[in-house]
Amino acid sequence: MRVDSSAGRRAGSFPALRSAGCRIAGIRRSRLLAGLADFLLPPACAACSSPATEEVRAGKGPVCQNCRLGLPPVPHPACDRCGAPLGTGEAPSCLECQDWPDEVTGAHTLCLLESPARELVHALKYQGWRGVGDFMGTEMARRAPEPVRRVDCIVPVPTSRRNLRRRGYNQAAVIAEALAIGLEIPLIPCLERRRQEGTQTTLNPMQRRANVSGAFVLQGRFRDVMAGSRVLLVDDVITTGATIVAAVEALGAGAPGAVVAYAFARTVPLSTDIN
Ligand SMILES: [Zn+2]
Ligand SMILES: [Zn+2]
């Protein structure tokens, strides 16, 4: 009740959202079904597979305390805008985000895509462990930096129809749902995949950009909602930012005031990507 009434308050302060059908109560129903599936899985940590710890068995989540506290932080110094580690550079100059659209004011991640974060992303994307996405979104809400909290709405990056069939859910949407509840900010799944593109896994940064460019489209009925608003774009992993750029291009049709990106993990240079 607390979440629903607060979300209503937030939507009330942002009138266009009331007609956008952003109902957190609906999210709770789908989370209940997902929770049932997770309940049927053997109780063990989704990252380290250790036998059921007390907190996992007590239903406090699918991740043990060691793994939750051991998520590797992004090293500093990092780019003020995109969060990419700058190594020994004294920048503010950063090659990663220099050609990002002006609307993107920042990109944030909770941790690096290294163990145990890597295992968690794998469990969510390839092992059907939806509850891991709930954990990620909840943890991201708990530790959200200030720019992430100052948005009007949350938009998940859509996945392809093929992945949706294979997984049964969009992993970015699962994370975004838990994040929306945790931050008490309306969720608006307003982007669609326009076409099916191949895997990003083996592509270099330029190929990634070309591969995903034009892949998303803003659903027409949400154009008025986006106008002038501050949008939080949510994904599971940030690699080169190509997906963010493509999503922001699509959101641009609704003329958002600003876009902030937030993902669970980011890859480190030369690391193996698992998109
Ligand atoms: Zn663990
Ligand atoms: Zn940067």
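The values are calculated or read from the model by the stated rules, or taken from the named source; none is laboratory data. Note that this is a predicted model, so its numbers are computed, not measured. Here the Cβ is made from the backbone with ideal geometry for all residues, glycine too, and neighbour counts use every protein chain on show.
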Original post:
Looking at (1) under 21 Å from K125 (Cα atoms); (2) touching a Pro at 6+ places or on another chain (Cβ under 6 Å), which is the only condition C153 fails?
Top reply: (1)
Subject >> Total residues in region 223-239, condition surrounded by fewer than 24 Cβ atoms within 10 Å (Cβ to Cβ) and among the hydrophobic types (A, V, I, L, M, F, W, C) >> reply: 2
Subject >> Scan of region 95-121 for residues that are buried (at least 23 other Cβ atoms within 10 Å of the Cβ), among the small types (G, A, S) and within 16 Å of ligand 1 (Cβ to nearest atom), ordered by number >> reply: A117
Original post:
Mind checking whether some residue in region 250-262 is at pLDDT 95 or above, in the same structural domain as G133 (by TED's automatic domain parsing) and closer than 20 Å to L71 by Cβ?
Top reply: yes
**OP:** Kindly list, by first and then second residue, each pair from a residue in region 74-85 that is in contact (Cβ under 8 Å) with a residue 12 or more places away in the chain to a residue that is among the hydroxyl-bearing types (S, T, Y) and in a loop (DSSP other than H, G, I, E, B), limited to pairs with Cβ atoms under 8 Å and residues at least 6 apart or on different chains.
**Re:** none
**OP:** Residues that are touching a residue at least 12 places away in the same chain (Cβ under 8 Å), closer than 25 Å to V63 by Cβ and in the same structural domain as G257 (by TED's automatic domain parsing): find the helices (runs of 4 or more DSSP H) completely inside region 93-204 holding 3 or more of those.
**Re:** 117-126, 130-142, 171-183
Subject >> Subset of region 58-95 that is within 16 Å of ligand 2 (Cβ to nearest atom) and among the β-branched types (V, I, T) - its residue that is modelled with the highest pLDDT >> reply: V74
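Is region 122-144 home to any residue that is within 16 Å of ligand 2 (Cβ to nearest atom), among the β-branched types (V, I, T) and buried (at least 21 other Cβ atoms within 10 Å of the Cβ)? Full working, then the answer.
Here is the first cut: in region 122-144, the ones within 16 Å of ligand 2 (Cβ to nearest atom) are none.
Scanning region 122-144, I find no residue that is within 16 Å of ligand 2 (Cβ to nearest atom), among the β-branched types (V, I, T) and buried (at least 21 other Cβ atoms within 10 Å of the Cβ), so the answer is no.
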